[in-house]
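Okay, so here's the structure we're looking at.
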Amino acid sequence: MTVAAIATLLGGVLLGYAGQRSRMCFVGASRDVLAVGDRYRLNGFLAFVATILVLQPLLPVLVGTDQAIIRPFVFDGLTVGLVAVTVVAAAAIGFASTLANGCPFRQHVLAAQGAISSVWYLVGFLAGAFAYHFWVAPEIARFI
């Protein structure tokens, strides 16, 4: 196995363990705060944001480059249209995730624990991603 494969496997195991122990779920955190005022799951979201704010400036140093890792978007007609469609698709995924009682990350954790309903959620999620990537996005790009 290559170093990248081992690092990816270890990263996945660490994220899965942390997600399982913390019950982290962005959608569930938002739902709980808005619906019942429970802020327990919000801690995971805040830790995620804090980690990004700390690590983002350090990424060029960690990977050994002087270039920015995330480059700004070039907004032309095609990019704006694809961003708009992606935002609508993300809102639909968020709404469906709220109805399914959790975000895709949480559904991965629950599926790994053996929850059959989460496995079916992920089957639908991946089927939707496949359909969007191979059929919807090319059609959008053709018309924009």
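Among residues belonging to the stretch 82-95 that are surrounded by 12 or more Cβ atoms within 10 Å (Cβ to Cβ) and within 14 Å of the chain's Cα centre (by Cα), point out the one that is nearest to V27 (Cα to Cα).
G94
Out of the residues in the stretch 97-144 that are surrounded by 13 or more Cβ atoms within 10 Å (Cβ to Cβ) and assigned to a loop (DSSP other than H, G, I, E, B), which is farthest from the chain's Cα centre (by Cα)?
Across the stretch 97-144, the extreme among qualifying residues is I144.
Scan the stretch 35-51 residue by residue and report those that are outside any helix (DSSP H, G or I) and open to solvent by less than 80 Å² (accessible area, probe 1.4 Å).
Once the filter is applied, which keeps residues that are outside any helix (DSSP H, G or I) and open to solvent by less than 80 Å² (accessible area, probe 1.4 Å), the stretch 35-51 yields G37, D38, R41.
Restricting the search to the stretch 98-110, which residues are within 18 Å of Q20 (Cβ to Cβ) and touching a residue at least 24 places away in the same chain (Cβ under 8 Å)?
Result: N101, G102, C103, F105, R106, H108, V109.
Going through the stretch 8-21 one residue at a time, which ones are surrounded by 11 or more Cβ atoms within 10 Å (Cβ to Cβ) and at pLDDT 80 or above?
Those that are surrounded by 11 or more Cβ atoms within 10 Å (Cβ to Cβ) and at pLDDT 80 or above: T8, L9, G12, Y17.
Using beta carbons and a limit of 7 Å, which pairs, at least six apart or on different chains, have the first residue in the stretch 12-25 and within 15 Å of Q107 (Cβ to Cβ) and the second one among the small types (G, A, S) and not in a helix (DSSP H, G or I)?
Qualifying pairs under 7 Å: C25/G102.
From (1) surrounded by 16 or more Cβ atoms within 10 Å (Cβ to Cβ); (2) at pLDDT below 80, pick out the condition that doesn't hold for D32.
Looking at each condition in turn, D32 falls short on (2).
Restricting the search to the stretch 1-25, which residues are within 19 Å of V49 (Cα to Cα) and of a type in the set (A, V, I, L, M, F, W, C)?
Result: L14, L15, A18, M24, C25.
The values are calculated or read from the model by the stated rules, or taken from the named source; none is laboratory data. Just so it is clear, the model here is predicted, and its values are computed rather than measured. Positions of Cβ are backbone-derived with ideal geometry, glycine not excepted, and every protein chain shown enters the neighbour counts. Only protein heavy atoms, including side chains, enter the accessible area calculation; ligands, DNA and RNA are left aside. Shrake-Rupley method; radii C 1.70, N 1.55, O 1.52, S 1.80 Å.
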